[in-house]
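Where a number appears in this text, it was derived from the coordinates with a stated rule and is not lab data. This is a predicted model, so every value here is computed, not measured. Note that we place each Cβ from the backbone using ideal geometry, even for glycine, and neighbour counts take in every protein chain shown.
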Amino acid sequence: MRLNNLNWPLILMVTAFLAVAGCKSDSGSRVSFEDGSGQQTGEQGDGGTGGPVDTDGDGIPDNEDSCPNTRNSGVDADADGIDDACDARIATSTDTDGDDVPNGEDNCPTIPNPDQENADRDLYGDACDTDADGDGVKDKVRNDDGSFAVLAASDEGDNCPLVSNPDQADLDGDGVGDACDNDIDGDGFLNDEDACPYVEGNDEAMCSEAVDTDGDGIPNLRADGSTPWDNCADVVNPSQSDLDGDGIGDACDEDTDGDGINDTNLIGQPEDSCPLVANPDQADTDGDGIGDVCDLVNDVEFSCGVGEQFSPMLASDEDIQAQASKDVSDCLLSTGGLLCDVVGENNVVDDDLNNFATISNTNLLGLSNVSLRVAATSGFAYPGQNVIGVSLAEAAQVLQLDLLSNGGLQVRTLLDGEIQEQTNGEVGADLDLLGLSGLLGGNEVGFLVFQTSKRFDAVEIVSGEFELLTALDEYNTYGVCASKEEVAQP
């Protein structure tokens, strides 16, 4: 062929066309990139964006994912660089966190804590408990990877993380609560060496000569003789806690939360449905006397059962190892147990929830008392922010609400044998306001429901206290229920 006979313009046009087509074809191909370890780091395609590869679609790119083929949250309990979701060691290990405490016995199975310290005696060790002292104030937060971060007092964290102090009183404002501060007044003198631990300075005369009407260690006035110091000069309150910041201490403030509703009326009956949480509208959906903003459960919907949030205190429960006991030592009319007794107390803690104990009492002016106590014997303590349900039915007559309000029937919580709260209000107003959940007369079974604010390890049901005169009262008690976990606000 003679070169001068070739159609050069046509050849150049065809060549250019093929080159362009080849480029477009290449732009649609997928090219993988690998780092030095052979791990795929990205891919070219979809218009050449080069987005990272995430094979399992868990949001973690394969080049950062130690489980690239298994969706995981990034939790690596044993810190070996392999997420728990695909870590064979975790799957077969009897000690996940390697603290020499077997998983089944470890109160923080994924956080090393060989000492197993548990300040509030709940289900979780201090190392993995967001409220280690159980006072209702968080001291740490759980991160997405399963670890925990300390919550500083300046970020509304607990200023005494291992000492219960729900009021968070901090006299010197140093971020360390008075309950655990070795220098409460912040004057540089330690409490046990300070002649005036609640007053700045170490001048004993300053404390002894200053007027302190209530004797709580806080003088009525400051050194200038005119500026108030004690925010409850006539009521003992060394913590000086003042929830609403109005200058009047909680111990003597008629309206603790500052919502315009007094805590109680002139004769001491509860008036504010949430005395510690502002709720000027006093909304109370379930009509139990506890305002919606501080009500932990709708009484009408309360239920209890094994495996549920609220579970019965049973002898067979390894966490609780509940034990029932009765006290008939204050019975006025015993008559061989016919008029004042508790029969079948162990039925309350056995596995058959249809069994019951019968509390009977004939009372005169509060002179006859009989009680049934259900207590955890394992050392476990229930969290304070809780709801208790006592399942009972009145055997002989309709259970009237006035029996609950006038003391005829009381419920108490205890910790280490000491009363924490009780329904007559002598040891805590939170239990004054009771709700009846489907509680009917005759042999209908329902729950007496109330909420608590303090930790407890025992619940006591008492028939007695002041009543002018009652005929024989009988109550069949089927069980006592509570939550092992803190009950969150709805």
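Listed by chain and number, the aspartates and glutamates placed with their C-alpha closer than 15 angstrom to that of Lys138 are Asp120, Asp122, Asp126, Asp129, Asp155, Glu156, Asp158, Asp167, Glu485, Glu486; residues fewer than eight positions away on the same chain are left out.
Model label points for Ile419 and Glu105, set 7 angstrom from Cα along the Cα-to-Cβ axis, are 4.0 nm apart.
Considering only C-alpha atoms, what is the centroid distance from segment 117-141 to segment 267-322, in Å? Here the two parts' Cα centres lie 22 Å apart.
As an exercise, use a Förster radius of 41 Å and the Cβ-Cβ distance of Ala205 and Glu271 to find the FRET efficiency, rounded to the nearest 0.05.
Numbers: r = 44 Å, r/R0 = 1.08.
It comes to 0.40.
With the simple model of a label 7 Å out from the Cα in the direction of the Cβ, Asp115 to Thr285 spans 4.3 nm. Quick one: grab the alpha carbon gyration tensor of segment 115-272, order the square roots of its eigenvalues as a ≥ b ≥ c, and give me rounded if a/c is under 1.5, else prolate or oblate depending on whether a/b is larger than b/c. Taking the square roots of the gyration eigenvalues as a ≥ b ≥ c, segment 115-272 is oblate. Label-to-label distance, Ser226 versus Leu190, with points set 7 angstrom from Cα along the beta-carbon direction: 4.0 nm.
Note that segment 64-200 carries a Kirkwood radius of 17.2 Å, evaluated over its alpha carbons pair by pair.
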